[in-house]
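Visitor: Pasting a structure here, questions to come.
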């Protein structure tokens with residue numbers, strides 16, 4: 001599981017090494033590290049890391065260990081890999097139903113409507129869907145479009 | 001090898017023409033190749049010394065062939081009496097029960113006759129049964145023409161990917177719907193107009209439901225799933241949506257985003273035939289009456305094969321299946 005972790009480190013030599021130790025000790029594999037020196041605030045520098053931990057428990061223990069050595073944690077959240085899914089819906093559809101569906105971590109990144117008031121109304125949707133949930137989200141959309149008597153065309 | 005052709009329609013007749021024209025290739029594998037019988041629903045002609053192919057090509061009805069014609073003689077009777085080694089079965093497809101082709105193929109395999117067929121019906125209805133029957137009786141059972149016409153998808157997997165495991169297949173398996181959707185894409189016509197033109201050009205039947213409702217593509221998907229992925233799939237297992245509801249608005253909207261709408265058959269966890277958005281730079285994005293099959297395997301990863309799915313090119317698949325039977329018989333002799 002990948003996590004996006006941002007730390008505020010004192011701008012002194014040796015602080016980064018000190019902060020990395022608990023990460024390594026708890027099984028974290030660092031994917032990327034950015035030292036955001038330009039965002040330097042009152043003697044602290046933000047350091048953004050993407051870390052692959054075996055489980056969420058490993059992240060929790062790392063945070064505890066970092067706090068114990070007085071490292072300030074600005075952010076720690078799971079990195080969700082997303083897939084862009086383009087869809088076309090043919091027919092009159094209540095857009096509210098789509099919005100109300102509220103698929104977790106799914107974002108509408110593009111929307112285009114053609115001939116909205118006619119029988120041939122068409123909507124193109126671009127969605128950012130968590131990669132693991134693409135099949136589930138498509139199945140749910142298929143169900144909704146069937147109920148609305150709308151044709152759903154997904155990408156291959 | 002003594003051969004009979006059951007079904008003397010477009011494909012059967014064209015096969016006679018090709019056998020006549022390419023005799024030199026046939027002779028390479030079998031010097032004694034003879035076409036001894038041809039049948040249709042009205043009767044059959046049979047001559048154990050071999051039929052005169054030039055004469056056969058000139059006649060419209062089998063009854064015009066002369067003394068070797070048996071009026072009302074059934075194809076089953078020809079299969080039984082001909083003592084043939086190979087039957088090419090090219091009767092019209094009926095997907096409800098696979099008949100009459102199913103009975104002809106069963107009869108032939110039961111008495112040890114190799115079978116080449118272009119008929120989807122029997123394979124959709126009874127693929128496992130026919131494959132088992134062929135194996136039990138040491139017969140070849142080849143059906144390249146049943147899916148995507150001249151596109152040699154079964155030969156490709158059988159010969160060139162025999163060590164690969166096929167994980168997923170997707171394809172444009174119906175030339176008529178691809179023609180209609182291509183017209184809508186390039187000429188911005190409505191579905192109704194594109195269909196009318198397809199009917200005028202004889203690309204689509206007067207009753208277009210077999211094509212536009214995805215029935216034909218679903219049949220092909222069942223055959224692919226059973227033959228290449230060892231599934232026990234039936235026609236009813238295919239989730240199916242045709243192209244009747246596709247509007248010009250939808251095609252244009254897709255085009256603006258660099259997609260074309262195509263009727264795609266997919267074998268993954270489930271079997272599905274449905275209109276899909278195909279990126280215009282994807283190898284499956286072929287136009288006109290072309291078919292394309294995209295195979296994903298464990299070793300080769302992705303392979304796409306493109307060609308004509310119906311019409312005069314289909315004879316290539318049937319003729320090459322015949323040659324495969326002759327070649328294997330020569331090797332094992």
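Read-outs throughout are calculated quantities, based only on the coordinates presented, and are distinct from any laboratory measurement. The structure displayed is predicted, hence computed values, not measured ones. So basically every Cβ, Gly included, is an ideal-geometry build from the backbone, and we count neighbours across all protein chains shown.
Visitor: Rounded to whole Å and sorted largest first, what semi-axes of the equivalent ellipsoid does the C-alpha gyration tensor of the range B:222-333 yield via the square root of 5 times each eigenvalue?
Guide: On the way: eigenvalues 200, 63, 43 Å².
Values for the range B:222-333, descending: 32, 18, 15 Å.
Visitor: For a test of the definition: using alpha carbon positions, the gyration tensor, and the 1.5 limit on a/c, classify the range B:4-44 as rounded, prolate or oblate. Mind showing how you got there, number by number?
Guide: Details: a/c = 4.03, a/b = 1.87, b/c = 2.15.
Verdict is oblate for the range B:4-44.
Visitor: Same structure, new question: When chain A is modelled as a GNM with alpha-carbon springs shorter than 10 Å, which of A:133, A:117, A:55 fluctuates the most?
Guide: Looking only at A:133, A:117, A:55, the largest GNM fluctuation is found for A:117.
Visitor: Report the percentage of all Cα-Cα pairs in chain A whose separation exceeds 23 Å, rounded to a whole percent.
Guide: Numbers: 6420 of 12090 pairs.
Beyond 23 Å sits 53 percent of the P(r) for chain A.
Visitor: Just to confirm the number: angle between the C-alpha axis of helix A:134-147 and the first principal axis of chain A, 0 to 90 degrees, nearest 10?
Guide: 30
Visitor: Between the alpha-carbon centers of the range B:133-165 and the range B:59-112, tell me the distance in whole angstrom.
Guide: 22
Visitor: If you consider only alpha-carbon coordinates, what radius of gyration and Dmax does the range B:140-199 have, in Å?
Guide: So, for the range B:140-199, Rg and Dmax equal 16.3, 47 Å respectively.
Visitor: Mind listing P(r) for the protein assembly as shown? All alpha-carbon pairs, 20 Å bins, whole percents.
Guide: 20, 39, 25, 12, 4, 0
Visitor: A follow-up question, please. Sort B:296, B:205 so that the residue with the fewest other Cβ atoms within 10 Å of its own Cβ comes first and the one with the most comes last.
Guide: Numbers: B:296 18, B:205 13.
The fewest-first ordering by Cβ neighbours comes to B:205, B:296.
Visitor: Pick from B:304, B:176, B:266: which is most flexible by mean-square fluctuation in a GNM of chain B where alpha carbon atoms under 10 Å apart are linked?
Guide: B:304
Visitor: Work out the FRET efficiency for residue B:21 and residue B:256 from their Cβ-Cβ distance, taking R0 = 51 Å, and round it to the nearest 0.05. Write down the numbers at each step before the final one.
Guide: Working: r = 48 Å, r/R0 = 0.94.
It comes to 0.60.
Visitor: With a cut-off of 15 Å, note down the residues of the range A:128-150 whose backbone N falls inside the zone around a label point 7 Å from the Cα of residue A:92 toward its beta carbon.
Guide: A:148-150
Visitor: On to the next question. Relative to the first principal axis of the alpha-carbon coordinates of chain B, what is the inclination of helix B:175-187, with its axis defined by its Cα atoms, in degrees from 0 to 90 and to the nearest 10?
Guide: Once rounded, the angle reads 30 degrees.
Visitor: Turning to a different aspect of this structure: May I ask you to derive the FRET efficiency for residue B:131 and residue B:53 from their Cβ-Cβ distance with R0 = 30 Å, giving the value to the nearest 0.05? It would help to have the intermediate numbers written out before the result.
Guide: On the way: r = 32 Å, r/R0 = 1.05.
Once rounded, the FRET efficiency stands at 0.45.
Visitor: Using 1/(1 + (r/R0)^6) with R0 = 41 angstrom and r between the beta carbons of residue A:34 and residue B:230, what's the FRET efficiency to the nearest 0.05? Numbers along the way, then the final one.
Guide: Details: r = 49 Å, r/R0 = 1.20.
The calculated FRET efficiency here is 0.25.
Visitor: For the range B:133-239, just list the percent of Cα-Cα distances falling in each 10 Å bin from zero outward, please.
Guide: So the P(r) values, bin by bin, are 13, 36, 30, 16, 4, 0.
Visitor: Put one equal scatterer on each alpha carbon of the range B:86-187, apply the Debye formula with no solvent term, and list log10 I(q)/I(0) at q = 0.21, 0.24 1/Å to two decimals.
Guide: -1.13, -1.29
Visitor: How fast does the range A:82-154 diffuse by Stokes-Einstein, in µm²/s, taking the Kirkwood radius from C-alpha pairs at 10 °C and 1.306 mPa s?
Guide: Details: Rh = 12.3 Å.
Answer from the Stokes-Einstein relation: 129 µm²/s.
Visitor: Also: Taking only DSSP H segments of four or more residues, each worth -39500 (n - 2.57), what value at 222 nm results for chain B once the sum is divided by all its residues, to the nearest 500 deg cm²/dmol? Each step should come with its number before you reach the end.
Guide: Working: 12 runs with 130 residues, N = 333.
Rounded to the nearest 500, the figure is -12000 deg cm²/dmol.
Visitor: Ok, one more. Label-point separation (nm) for residue A:146 and residue B:193, each offset 7 Å from Cα along Cα-to-Cβ?
Guide: Distance between the two pseudo-spin positions: 3.5 nm.
Visitor: Sort all Cα-Cα distances of chain B into consecutive 10 angstrom bins from zero, then give the percent of pairs in each bin up to the one containing the longest distance.
Guide: Per 10 Å bin, starting at zero, the Cα-Cα P(r) for chain B comes out as 6, 26, 32, 23, 11, 3, 0 percent.
Visitor: While we're on this one: Taking the convex hull of the alpha carbon atoms in the range B:1-135, what volume per residue do you get, in Å³?
Guide: Value for the range B:1-135: 100 Å³ per residue.
Visitor: Between residue B:270 and residue B:32, 0.36 nm times their residue separation minus their Cα-Cα distance comes to what?
Guide: Details: separation 238, 0.36 × 238 = 85.68 nm, distance 4.66 nm.
Once the chain is fully extended between residue B:270 and residue B:32, it gains 81.0 nm.
Visitor: Could you tell me how far the Cα centroid of the range B:226-261 sits from the Cα centroid of the range A:31-76, in Å?
Guide: With the range A:31-76 and the range B:226-261 each reduced to a Cα centre, they are spaced 47 Å.
Visitor: Moving on. Place a point 7 Å from Cα of residue B:237 in the direction of its Cβ. Which residues in the range B:279-295 have their backbone N less than 20 Å from it?
Guide: Within reach of a label on residue B:237, which here means backbone N under 20 Å from a point 7 Å along Cα→Cβ, the range B:279-295 contributes B:294-295.
Visitor: Averaged over peptide B:247-259, how many Cβ atoms belonging to another chain are found within 10 Å of each residue's Cβ?
Guide: Numbers: counts 11, 4, 9, 13, 2, 2, 11, 6, 0, 3, 7, 1, 6.
The mean count of partner-chain Cβ atoms within 10 Å per residue comes to 6.
Visitor: Modelling each spin label as a point 7 Å along the Cα-to-Cβ direction, I'd like the residue B:167/residue A:68 distance in nm, to one decimal.
Guide: With each label point 7 Å from Cα toward Cβ, the separation is 4.2 nm.
Visitor: Let me ask another. Could you tell me what a quarter of the Cα convex hull surface of the range A:2-78 works out to, in nm² with one decimal place?
Guide: The Cα convex hull of the range A:2-78, projected and averaged over all directions, gives 4.5 nm².
Visitor: GNM on chain B, C-alpha springs below 10 Å: top fluctuator among B:102, B:193, B:290?
Guide: Largest GNM mean-square fluctuation: B:193.
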